[in-house]
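A short worksheet on the structure shown next.
Bear in mind that the values in this text are calculations on the coordinates, not laboratory data. The shown structure was predicted, so the numbers you read here are calculated from the model rather than taken from an experiment. Cβ sites come from the backbone with ideal geometry, for glycine too, and all protein chains shown count toward neighbours.
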Amino acid sequence: MGFYVTTPIYYVNAAPHLGHAYSTIAADVMARHHRQRGEATFFLTGTDEHGEPVADAAKAQGLEPRELADRNAQRFRDLMPVLGVSNDFFIRTSDAEHGAKVQEVLQRVHDNGFVHKGLYEGWYCPRCADFKAENEIAEGNRCPIHEIELVRESEENWFFALSQFQERLEQLYEERPDFVQPRERRNEALSFIKSGLNDVSLSRAKLTWGVTVPWDTDHVFYVWFDALLNYYTALTYARPGEDLVDEFWPATYHVIGKDILKFHTVFWPAILMAAGLPVPEHVFVHGFLLGADGRKMSKSLGNVLDPLEVVDRYGVEALRFYLLRDVTFGGDGATSMEAVGRRYTAELADELGNLASRTTAMLVRYRDGEVPATALDGALAADFTGLDATVAGHVDQAELSQALDAIWQRVRRLNRYVEESAPWTLAKDDSRADDLDRVLASLADGLRIVCVLLHPWLPETTVKVLDALGAPSTALQDARPGAVALGPAHKLEPLFPKERDSVPPAAAAS
Ligand SMILES: [Zn+2]
């Protein structure tokens, strides 16, 4: 089985923001790490394009929904290279191949006896495209997520018999305690299931911008079921002429935000069970990135951190590092440009950048770029033995901040090693040439290992350093002391120039 990771597909009407960048970068780190392990890997992202809000917005602008979707989807597609993201495919739910596969799978759900007609009446949030249960309605009859007033809706729909899956879902959660991570989100999903499941709308009658229900062509599928199925349908047409389902289904990880928990942890496994398909291995639910004041980001509060401004000011690698370093992946956390600047200066520039330039400069100055082929310092090497397995273990659990921290401890260890062993003093004493050889070789190999392991977070920087060390392999199996020969080494330009810190975002953007 290959490793398959997905982001949520992004609602095409939204402007790309930090939350989109966050989910996508996290999934990218997981995909890159698994590629380092030599595993067959598939990484999917894309856009969710059907439903009322797109149809309404298009109408207001005098466009066909398709035209608006084409225009807006492009903004998300363009974002991926800016974020350094290595997705294997970009799905759009308006793709004809997706629609045909949605019809095929949901026809099976119908034929298996899990679909019936009924009248739905309830409080509906058009932005969520979802009816709200009584306990989900915020004060003033508002959507707790969008804070807009709910509308009373009633229509004859096709229903999915979710209530029939209560027992099987409880059993799934029992048998696979890590189906939903972290634990608190698992408990939240499970208690929703245990509170009792009602059948849910599978179709909308008044809408045409969607996938047509094959057994009742006056209806389109409710946008959420159409959207969820992207994770499966993409595998059937991402590579023309190939069906990747056998290799990559079920997905290893769906990375999602906690605002779409219910759909991914309750509706999604149930509809797959109804279609006779295996359910994903893990759903990882990350938290919310908040403003510097710890409140939800909003233009009116002026606390929005724009990912593109971070990229302009500090570079994409700083954004990737910051998001998984400053906020523990899985929890909520405050964000700000000042905090990015602190991480950039204190860690990327002063710790990693400084270590890389000192190490390569000393190899050039003292040994003409040759990396001495000598035994490594045993005490230092011991601190790196097993680190590859530690990092892999964390990434397997989607503990991306913990993995990063384990590596960063070794970046600091290497900087201490430079201070303790003082190569500049050894270099003045010819009788200590062997000691200097050992220190330089150990430093170079340690730097090599942290760069192999950091590669998923900092893909460009680490390749520059590995190239400067004359040891370009990024394979995870090489992240062990003495695994590969190094050299010749050459000097590096500063990886994280300090001046960037003083460039105001407005100037950088102009
Ligand atoms: Zn809402």
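For the pair region 73-144 / region 17-34, the C-alpha centres are spaced 21 Å from each other. With the cut-off at 1.5 for a/c, could you classify region 108-224 from its C-alpha gyration tensor as rounded, prolate or oblate? It comes out oblate by the Cα gyration axes. When the Cα positions of ALA441, LEU400, PRO497 are compared along the charge dipole of region 309-498, PRO497 comes out farthest toward the positive end, with charges on each C-beta of Lys, Arg, Asp and Glu.
Ranked for footprinting exposure by Cβ neighbours inside 10 Å, fewest first, SER94, SER473 give SER473, SER94. Relative contact order of the chain: 15 percent, from C-alpha pairs under 8 Å at least 6 residues apart in sequence. In terms of the Cα gyration tensor, with a ≥ b ≥ c the square roots of its eigenvalues, is region 7-60 rounded because a/c is under 1.5, prolate because a/b exceeds b/c, or oblate? Note, shape of region 7-60 comes out prolate.
Of the residues TRP457, TRP249, the one with the fewest other Cβ atoms within 10 Å heads the list, and the complete ranking is TRP249, TRP457. Need one number: % antiparallel among DSSP beta bridges in the chain, to the nearest 5. The antiparallel fraction comes to roughly 50 percent. Listed by Cβ neighbour count within 10 Å, with the fewest neighbours leading, GLU49, GLU188, GLU399 appear as GLU188, GLU399, GLU49. Taking the chain, the Cys residues with no second Cys beta-carbon under 4.7 angstrom are CYS451. Put simply, the C-alpha atoms of the chain give a gyration tensor, and the ellipsoid matching it has half-axes of 49, 24, 20 Å, longest first. Figure legend: label point modelled 7 angstrom from the Cα of TRP215 along Cα→Cβ; residues of region 259-298 with amide N under 17 Å from it are 271-277. The lysine pair tally for the chain, using Cα distances under 16 Å and a gap of 8 or more places or different chains, is 6. For region 3-286, with only Lys/Arg (+1) and Asp/Glu (-1) charged at the beta-carbon, what is the dipole magnitude about the Cα centre, in debye rounded to 20? Using Cβ point charges on Lys, Arg, Asp and Glu, region 3-286 gives about 580 debye.
Here is how the number arises for the chain: DSSP H runs of 4 or more residues each give -39500 (n - 2.57), the sum is divided by the residue count, and the result at 222 nm is -13500 deg cm²/dmol.
According to the square roots a ≥ b ≥ c of the eigenvalues of the Cα gyration tensor, what is the shape class of region 1-111, taking rounded for a/c under 1.5, prolate for a/b larger than b/c otherwise, and oblate for the remainder? Taking the square roots of the gyration eigenvalues as a ≥ b ≥ c, region 1-111 is oblate.
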